[in-house]
Amino acid sequence: MLKRLVSGTAALAIAVSAFAATAQADWRDDLPVFRIGLLGGENESDRLRNNECWRETLEEALGIPVEMYPAPDYAGVIQGLVAGQLEYGALGASAYAAIYLQDPEAVEPVFVSAEADGSLGYIAAMYTRADTDIHSLEDMEGHSLAWADPNSTSGYLVPRAQLQAAGIDPDTYFSRTGFGGGHEQAVIAVLEGQYDAGVTWTSGQGEPSEGYSRGNLRRMVDNGLLDMNDIRVIWESELIPNGPVVIAKSLPQEVKDIVTGLLANQLENDPECYRSISFGEGQGWVAVDHDFFAGIVAMREAEVAGSR
């Protein structure tokens with residue numbers, strides 16, 4: 001009897017193990033590759049290099065190939081996520097709002113990066129060349145301005161809305177406006193004299209000469225593309241909610257748990273990779289949900305309605 005019981009128990013254990021292995025294999029069969037969308041805003045080679053550590057970590061943990069898709073602009077990643085052609089992306093709040101307004105079931109926001117002081121917001125900064133006679137927003141009247149991207153929170157949506165709230169119509173206040181093709185590209189356009197000023201994102205914390213603690217200016221300084229002595233910040237926005245890491249809602253829960261588990265402990269386990277994919281110094285990833293972005297979604301909805 002004991003032998004039969006042991007044999008039966010062993011058979012049950014084997015069956016459970018086989019079932020678990022089959023269940024595990026099932027989602028991998030349905031998900032042969034995990035695709036990461038990389039927003040435009042800096043040159044492609046830098047984007048791929050900065051995110052390679054994360055790609056390798058995910059590939060090892062998921063046990064399937066992980067591929068990165070650098071889009072030339074924000075719209076490429078937005079449409080890739082809406083169409084189900086990407087599983088993951090790190091977005092600005094406005095880009096997330098764009099996805100949500102097209103399809104609320106496409107993605108779910110899971111984390112934002114905390115700033116150096118633990119806060120969950122950053123600022124838009126308007127900058128000019130340091131050798132101009134433009135020292136304030138008032139001095140910008142009649143001069144040209146480069147937005148970063150039409151789907152950028154800090155590079156278009158929020159500064160435009162806050163200027164309008166202050167009684168400034170960007171379409172008439174500036175001599176002309178245009179899109180620089182991304183945050184990095186807009187800074188370069190200003191440095192080369194194509195525009196008098198631009199707007200970009202920064203933590204607004206830390207050492208200004210280093211490009212602050214986090215953001216596009218910091219990334220450009222670190223990459224040797226910018227000397228902060230060459231630009232002057234002339235206007236700062238109110239605090240903007242940090243953009244989210246999003247994951248496709250349709251993914252199996254096990255996949256979501258693996259990805260979020262890695263991010264939740266990334267600062268502790270791999271601080272260099274955390275800094276690399278989050279654009280600088282910070283206090284790690286903080287869990288959020290859709291409610292965190294409700295104000296930006298409403299702002300984006302109003303912008304879309306006003307452009308019709």
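I need the shape label for the chain. Rule: rounded when a/c is under 1.5, else prolate if a/b > b/c, else oblate, with a, b, c from the alpha carbon gyration tensor.
Taking the square roots of the gyration eigenvalues as a ≥ b ≥ c, the chain is prolate.
If you place +1 on the Cβ of every Lys and Arg, -1 on the Cβ of every Asp and Glu, and leave all else neutral, what size is the dipole of the chain about its Cα centre, to the nearest 20 Debye?
For the chain, the charge dipole is close to 1060 debye.
To the nearest 0.05, what FRET efficiency results for GLN102 and GLU236 with a Förster distance of 35 Å applied to their C-beta separation?
Between GLN102 and GLU236 the formula returns 0.70.
Using the basic label-point model (7 angstrom from Cα toward the beta carbon), what is the ASP270 to ASP171 distance in nanometres?
If labels sit at ASP270 and ASP171, their model points lie 4.6 nm apart.
Along the charge dipole of region 193-268, pointing to its positive end and built from +1/-1 on Cβ of Lys, Arg, Asp and Glu, which listed residue (TRP235, GLY206, LEU251) has its Cα farthest out?
LEU251
Take the alpha-carbon centre of region 245-308, take the same for region 159-221, and report the distance between them in whole Å.
23
Read-outs throughout are calculated quantities, based only on the coordinates presented, and are distinct from any laboratory measurement. If you're wondering where the values come from, they're calculated on a predicted model, not measured in any experiment. Backbone-built Cβ (ideal geometry, glycine too); neighbour counts: all protein chains shown.
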